[in-house]
1. Do we have S259 as under 29 Å from S123 (Cα atoms), small (G, A, S) and in contact (Cβ under 8 Å) with a residue 40 or more places away in the chain here?
2. Restricting the first residue to segment 399-411 and requiring it to be in contact (Cβ under 8 Å) with a residue 40 or more places away in the chain, which pairs with a second residue that is assigned to a helix (DSSP H, G or I) and among the polar types (S, T, N, Q) meet a Cβ separation below 6 Å and a spacing of at least six or different chains?
3. Would you mind finding the one in E147, E116 that is in the same structural domain as F482 (by TED's automatic domain parsing) and more than 27 Å from A250 (Cβ to Cβ)?
4. Any residue at all in segment 338-346 that's modelled with pLDDT under 85 and not hydroxyl-bearing (S, T, Y)?
5. Among the residues in segment 526-539, are any basic (K, R) and farther than 26 Å from S138 by Cα?
6. For residues in segment 517-532 being surrounded by fewer than 19 Cβ atoms within 10 Å (Cβ to Cβ) and of a type in the set (D, E, K, R), which is nearest to H492 (Cα to Cα)?
7. Search segment 495-522 for residues that are within 20 Å of K565 (Cα to Cα) and pair each with any residue that is crowded, with 23+ Cβ neighbours inside 10 Å and polar (S, T, N, Q) when their beta-carbon atoms are under 6 Å apart and the residues are at least 6 apart or on different chains.
Amino acid sequence: MILEERPDVPGGGEDSSRLQSCDPLAQSQHSRLQSRRARVHQLINKELRMRTGAENLYRATSNSQVRETVVLELSYVNASLQLLKEELEELNSSVDTPRHEGEGVSIPMIPLGLKETRELDWSTPLKELISRHFGEDSASYEVELKELEDLRQAMRMPSRDQAGLELLMVYYSQLCFLDARFSAPTRSLGLLFHWYDSLTGVPAQQQTLAFEKGSVLFNIGALYTQIGARQDRSCVEGSGRAIEAFQRAAGAFSLLRESFSHAPSPDMSPTALHVLEQLMTAQAQECVFEGLLLPAPTAPHDSPAQLRLAQEAAQVAAEYGLVHRALAQPPARDYMPRSWAALVQAKAEYFRALAHFHTAVALCDSPSPAEGELPMHEVFGPPWASEPLGPTLPLEPEERRKRGKAHLRRAILGQEEALRLHSLCRVPRKVDLLQAVVAQALRHSLAKYAELDREDDFFEAAEAPDIQPKTHQKPEVRTPSFSQMKRADIFHRLGPLSVFSAKNRWRLVGPVRVTRGEGGFGFTLRGDSPVLIAAVIPGGQAAAAGLKEGDYIVSVNGQPCKWWKHAEVVAQLRSAGDEGVDLGVVTLLSGAELPGTGDRWPALLGPGGLLRSQKECGCEMPAPAQASPRPLLGWSRKTKGSKAKGYPQPLAPAGTATPAPAPCGPPSPSECPGWL
């Protein structure tokens, strides 16, 4: 009691720790947990060594038979690694969220393992590009390069929760910024991106940044599947989170499939992505069905509710049937885990049997429904839907019992088949949850059948018809919400992407001394970040200084102004005295021109140059406009016939004019706030 009343006294925490450490039960549990972690780590290291040896052999040999054997070995190693990492994640989370014996048992879902990658050195190629193309001191970007490398290192092992998702999305957004700024059609970054296939473990590598982006997007979808599979679906909130996670996973795989082709690894092929999208949709549909059972178990005497459950279960069975057919077709069957096909088929049989069970309950445990209350053509398939009994369920109790018994017979056969199919699955856990669920459902069906069976019942009922699938909530394929990840470009100091990217070439001009004449400086400005010279008066001060229409102002009196707003530049110019102002400008070059400074204009950048770092000038830059991370630049992007599906050109912030061809006449008054 004394220790509990003094929790804030210095040393109280130590006393409490000592008391806890003296608890033999807590100490033994902690030691067992540590031992299991150490064992899993040892097994992971062993599998990694085996993968390294197999990978070296795969690359060294040219014998096709040896390569096939190595690929098979890599698939086994990859599967073992995925299971071990899942087990390690469960051990790490068991301290915070222990599972109790009384928790409800849910049917296991199929999560997807994350693609693995090797370490990558961003520093060397980006430093060279910053110095050579952008003309800036690459040593001043050490902080940005370190931030990028730390972000990628953290992305390799994300946590299996929302924080891990946000980490992957932030890195994906930065890859979009990097693609828009540093990628050029004529050259690559010189980086080799190395990723392992999630399904087979076979390594793949490419030099294009699109491979890195596609692999990260794949991991976003895979992490959504793991989050959905880990949810506690015994409550409404957990079921809703699982539905959302599987829908987002399907959206990630759909986006990847629509944006890429000729993938270098099987897991990112259009066939595999289509199967994964179908699988996630089916699992979301299963969560929808489970959610209907959560608020309150449907009363057996509620025929409409029981028939709705039957149709929902039939819908789940139909979705899993589509997935199983897709898994059985080549080339998906060659690299998809065989246990998936068996598990999906077992689930299809189980939910088809469950549909017949709920139909039997609606027939046998419900009072006679009102005329026209339950339309048969919406629930049953032929032949019962076309019988001359009318559009409703039979009203006679004996007829309802016979038909309920027929549906129970199909339910029992289906559940037995589900158990047989599941026995063919490779069970990765000690507790076989699906077998326990199906076995319990089979016991209920047998007990119900025994209630309906009579000793003098020699009537052989007709074969029960199929249940027509129908759902009140069709899962949606929802793209991950990248727009919610508000993150500025790491290399925003290089300038706005509309101008300062590897896709553009420019000439750095200045400092240009422009004096004020009778009519002002003789040019007009437009746009923001950077401000564009929209028009130059022939014979004016600006024209005499060599300024041209379409130039961008990047410095005013030695102060970098790439990110300045229009009003800031105008105010700085108007405050200049009669001695004039020194302007640094950038002139975009066409493909025929060669970049250079020429003899008239000294270079703006470099040691002692005009465009110094904004930190050195004491000027804090605003955050740039966010680039949309959704579009992908694939290694062989599919053509959709619409520009909206492709990767757009980097856009300037709001109000910035692009370097379009010069107009024939002066800009309109709405474009020009006034001549300067």
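The values are calculated or read from the model by the stated rules, or taken from the named source; none is laboratory data. Keep in mind the model is a prediction, meaning the values are calculated, not measured. Counting neighbours? That spans all protein chains shown, and the Cβs are built from the backbone with ideal geometry, glycine included.
1. Details: under 29 Å from S123 (Cα atoms): yes; small (G, A, S): yes; in contact (Cβ under 8 Å) with a residue 40 or more places away in the chain: yes.
Yes.
2. Listed pairs, sorted by first residue: H407/T359; L408/S445; A411/S445.
3. Details: E116 fails: more than 27 Å from A250 (Cβ to Cβ).
Unique residue meeting the criteria: E147.
4. The first filter runs over segment 338-346 and keeps only residues modelled with pLDDT under 85, leaving 338-339.
Next, only the ones that are not hydroxyl-bearing (S, T, Y) stay: 338.
Within segment 338-346 (the criterion being modelled with pLDDT under 85 and not hydroxyl-bearing (S, T, Y)), the answer is yes, since at least one residue qualifies.
5. Yes, that holds for at least one residue.
6. Of segment 517-532, the ones surrounded by fewer than 19 Cβ atoms within 10 Å (Cβ to Cβ) are 517-520, 526.
Now narrow it down to the ones that are of a type in the set (D, E, K, R): 518, 526.
Values: E518: 38, R526: 21 Å.
Among residues in segment 517-532 that are surrounded by fewer than 19 Cβ atoms within 10 Å (Cβ to Cβ) and of a type in the set (D, E, K, R), the one nearest to H492 (Cα to Cα) is R526.
7. Sorted first by the residue in segment 495-522, then by its partner, the pairs are P496/S529.
Condition check ((1) closer than 21 Å to T281 by Cα; (2) in the same structural domain as L167 (by TED's automatic domain parsing); (3) under 18 Å from the mean Cα position of the chain (by Cα)) across all residues:
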residue	(1), (2), (3)
R187	no, yes, no
L191	no, yes, no
G201	no, yes, no
A204	no, yes, no
K213	no, yes, yes
Y224	yes, yes, yes
G228	yes, yes, yes
Q231	yes, yes, yes
